[in-house]
1. Would you call Arg69 surrounded by 15 or more Cβ atoms within 10 Å (Cβ to Cβ) and basic (Lys, Arg)?
2. Within the range 23-38, identify whether any single residue is modelled with pLDDT of 95 or more, hydrophobic (A, V, I, L, M, F, W, C) and touching a Pro at 6+ places or on another chain (Cβ under 8 Å), and answer yes or no.
3. What pairs come up if the first residue lies in the range 1-14 and is at negative phi and part of a helix (DSSP H, G or I), the second is among the aliphatic types (A, V, I, L, M) and surrounded by 10 or more Cβ atoms within 10 Å (Cβ to Cβ), and their beta carbons are under 8 Å apart, counting only those six or more places apart or on different chains?
4. So, in the range 12-28, how many residues would count as being more than 14 Å from Phe63 (Cβ to Cβ) and buried (at least 16 other Cβ atoms within 10 Å of the Cβ)?
5. Could you please find all residues in the range 48-64 being surrounded by 14 or more Cβ atoms within 10 Å (Cβ to Cβ) and over 15 Å from Gln24 (Cα atoms)?
6. Which helices (runs of 4 or more DSSP H) does the range 28-112 wholly contain that include 1 or more residues that are among the hydrophobic types (A, V, I, L, M, F, W, C)?
7. Filter the range 77-107 down to the residues that are small (Gly, Ala, Ser) and at negative phi and list them by number.
Amino acid sequence: MVRPIIPKSKQKEIAQERIRRLFQQAAEIFHINKSLANRYVTLARKIAMKVRMPMPREYKRRFCKHCYRYLQPGVNARVRTRGGKVIISCFECKKFTRIPVKKNNLKAQHNKI
């Protein structure tokens, strides 16, 4: 049986939809079965790598870059801001990720206060 050739743009659309669905399922199942939520993150990463597309920003911050576990703030992760950075601490592997916040965003937030 010969598989039909799917254009790369269509492949990426399908991959984005699958990644979105896997992260939704990970969020739903996390409190019941953490290992299954971690498996969904692994599958989503593999899909993104297979089609050579970067993981969307909103999902990048939902898993640990070191141990690839699904992060739920307050349960197995801590999120803090300090010195113009968002710091995400993983309680599973005891490591943290620093994400810089652009100065334009800081000024806009400061003006709103």
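The values are calculated or read from the model by the stated rules, or taken from the named source; none is laboratory data. Here the structure is a predicted model, which means the values were calculated and not measured. Neighbour counts run over all protein chains shown; Cβ positions are idealised from the backbone, glycine included.
1. Against the criterion (surrounded by 15 or more Cβ atoms within 10 Å (Cβ to Cβ) and basic (Lys, Arg)), Arg69 qualifies.
2. no
3. Lys8/Val51; Gln11/Val51; Lys12/Val51; Lys12/Met53; Ile14/Ile6
4. 2
5. Ala48, Val51, Met53, Cys64
6. 34-50, 103-112
7. The answer is Ala77, Ser89.
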